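**Student:** Shown below is the structure under consideration.
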Amino acid sequence: MQIIEEIKTALMAGNMNKVKEGANKALEEGLAPADIINDGLIAAMSVIGVQFKNNEIYMPEVLVAARAMHAGMDVLKPLLAGDAVQDRGTMVIGTVKGDLHDIGKNLVVMMMEGAGFKVVDLGVDVTTEKFVQAVTGHKAQIVGLSALLTSTMAQMKGTVQALEPYRGQVKVIVGGAPVTRKFADEIGADGYAPDAASAVDRVRELLGVA
């Protein structure tokens, strides 16, 4: 439908007001909130993710698009009937203990939400115990561990080990500037992502969702 295309175009341009207007117009035309989210907002963020991964756009554009997506979600979420939006899974994410960096993590959160996942953001300086509690409390399927300092990477290993009893339920993905695929393999993580768009793709693979 034309209004869905208008919403996608506005979101990809980062136009919060146009996305809001489009969401309201789509509702007036009788479209279901879940369809507007899935076919409009999430579809547009998928394109943004591909463009970001291909270096066609950069972090500022992604952040602006994500804000536009949230503006649309603010209109539509209160109108959802139960779990009408396709539930792709729940992710718990945080920057490990001793590390206060969060820009990369925040970008992953936005991209994951844009891909239709529920995200529980634990913030920075997160202890192993807090990760474990969040996994059990939120029945998460995926845990994201972020570290920007080489000195805090060891915390990732401890957290992965502490999550061992839950590995039938949850997958662990790691990332951050000093983190490598080799390190992820060494500590027993299920996945590694060098950037936010790749994180979405890797999580989809790990969970087997489209």
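The values are calculated or read from the model by the stated rules, or taken from the named source; none is laboratory data. These numbers come from a predicted model, not from an experiment. Cβ coordinates were reconstructed from backbone atoms using ideal geometry, including for glycine residues, and neighbour counts include every protein chain displayed.
**Student:** Step by step: first the residues of the stretch 110-121, then only those that are at pLDDT below 90 and part of a loop (DSSP other than H, G, I, E, B), then the one that is nearest to residue 197 (Cα to Cα). Which residue is that? Show your work before the answer.
**Tutor:** Taking the stretch 110-121 as the starting set, the residues that turn out to be at pLDDT below 90 are 110-111, 113-116.
With part of a loop (DSSP other than H, G, I, E, B) added as a condition, the list becomes 115-116.
Values: 115: 10, 116: 13 Å.
Out of the qualifying residues, it is 115.
**Student:** Can you tell me which residue within the stretch 38-53, out of those that are more than 13 Å from the chain's Cα centre (by Cα) and either surrounded by fewer than 22 Cβ atoms within 10 Å (Cβ to Cβ) or not assigned by TED's automatic domain parsing to the domain that holds residue 17 (or both), is nearest to residue 88 (Cα to Cα)?
**Tutor:** Selected residue: 38.
**Student:** Shifting gears a bit: Inside the stretch 170-193, can you point out the residues that are of a type outside the set (Asp, Glu), within 21 Å of residue 141 (Cα to Cα) and assigned to a loop (DSSP other than H, G, I, E, B)?
**Tutor:** 170, 176, 188, 189, 193
**Student:** Among the listed residues 107, 63, 76, 100, which satisfies the condition of being assigned to a loop (DSSP other than H, G, I, E, B) and in contact (Cβ under 8 Å) with a residue 24 or more places away in the chain? It would help to see each step written out before you state the result.
**Tutor:** Details: 107 fails: assigned to a loop (DSSP other than H, G, I, E, B); 63 fails: assigned to a loop (DSSP other than H, G, I, E, B); 76 fails: assigned to a loop (DSSP other than H, G, I, E, B).
The match here is 100.
**Student:** Are there any pairs with C-beta distances below 7 angstrom linking a residue in the stretch 173-185 that is assigned by TED's automatic domain parsing to the domain that holds residue 156 to a residue that is among the hydroxyl-bearing types (Ser, Thr, Tyr) and part of a helix (DSSP H, G or I), with the two at least 6 apart or on different chains, and if so which?
**Tutor:** These pairs meet every condition: 178/150.
**Student:** From the list 10, 26, 32, which residue is touching a residue at least 12 places away in the same chain (Cβ under 8 Å), more than 16 Å from residue 70 (Cα to Cα), buried (at least 22 other Cβ atoms within 10 Å of the Cβ) and more than 20 Å from the chain's Cα centre (by Cα)?
**Tutor:** Values: 10 fails: more than 16 Å from residue 70 (Cα to Cα); 32 fails: buried (at least 22 other Cβ atoms within 10 Å of the Cβ).
That would be 26, the only listed residue that is touching a residue at least 12 places away in the same chain (Cβ under 8 Å), more than 16 Å from residue 70 (Cα to Cα), buried (at least 22 other Cβ atoms within 10 Å of the Cβ) and more than 20 Å from the chain's Cα centre (by Cα).
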